[in-house]
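Heads up: the structure comes next, in structure tokens.
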Amino acid sequence: MNRVVHPIEQESFRRLRARLDTSHFPPLTRAVVERVVHSSADLGYADELVMDEDELTKAHAALHAGAPVVVDVEMVAAGITRRATVCRLRDAKAGPGLTRSAHAVRLAYEEVGPGALWVIGCAPTALEELLTLDASPALVVGLPVGFVGAAESKAALRESGLPAVSNVSEKGGSAVAAAALNALLYHPISSEENL
């Protein structure tokens, strides 16, 4: 099913591309960069997002083959417009040395198992907890926001070697995390991925 793009969105992307040359990025990287910049109106993301095209290609295939999508908060879920998501924050409980967000990651992993796409846009502790699990994710969109732990958790994600989308500052948030996942959802499936 083709997605119908509203004229306002078309004009927004036209203006974005007039101000930011993304033509040098490979296709999926370009899609993620443009969608994140579009969602934030922050051109700086083009210089600080970190991702690998081959990892995005594999994640794109997994996503379109039905891999589960797990989010850290309902705000991220609300921004993912074409796929049901798993969010266990309402069921989670904080405890000694464990935030609700971290507990929610444990609960979600128990539900979905390995191979999911994880989209973390709010809680650095959710990303930190994910890194302690043997989750074998298809992709981790790690874009939590904040002055405490956000940049550090994203650095740990990059050091982990897991397939990921992250950035190198405190910036992030639910909107940009959802936008990165939506870029993969909206991007057409190529014939190469079906081989």
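The values are calculated or read from the model by the stated rules, or taken from the named source; none is laboratory data. Since the model is a prediction, treat every value here as computed from it, not as a measurement. Neighbour counts run over all protein chains shown; Cβ positions are idealised from the backbone, glycine included. Accessible surface is based on the protein model in full, side chains and every heavy atom, while ligands, DNA and RNA are left aside. Shrake-Rupley method; radii C 1.70, N 1.55, O 1.52, S 1.80 Å.
Evaluate segment 140-147: report whether one residue or more is within 13 Å of VAL71 (Cβ to Cβ) and not in a strand (DSSP E or B).
Within segment 140-147 (the criterion being within 13 Å of VAL71 (Cβ to Cβ) and not in a strand (DSSP E or B)), the answer is yes, since at least one residue qualifies.
Any residue in segment 174-195 that is on the phi > 0 side of the Ramachandran plot and modelled with pLDDT under 95 sitting within a Cβ distance under 9 Å of a residue that is open to solvent by less than 20 Å² (accessible area, probe 1.4 Å) and of a type in the set (Ser, Thr, Tyr)? List the pairs, counting only those 6 or more apart or interchain.
none
Tally time: how many residues in segment 31-57 are in a helix (DSSP H, G or I), in contact (Cβ under 8 Å) with a residue 60 or more places away in the chain, open to solvent by 50 Å² or more (accessible area, probe 1.4 Å) and of a type in the set (D, E, K, R)?
Qualifying residue count for the region: 1.
Given the conditions (1) open to solvent by less than 20 Å² (accessible area, probe 1.4 Å); (2) out of contact with any Cys (no Cβ under 9 Å at 6 or more places or on another chain), and given that GLU159 satisfies all but one, which numbered condition is not satisfied?
(1)
Identify, please: which residue in segment 79-122 is closer than 15 Å to ALA180 by Cβ and outside any loop (DSSP other than H, G, I, E, B) and is, among those, nearest to the chain's Cα centre (by Cα)?
VAL119
With the requirement that a residue be surrounded by 14 or more Cβ atoms within 10 Å (Cβ to Cβ), part of a helix (DSSP H, G or I) and free of Cβ contacts under 8 Å to residues at least 12 places away in the same chain, what does segment 5-30 give you?
ARG30
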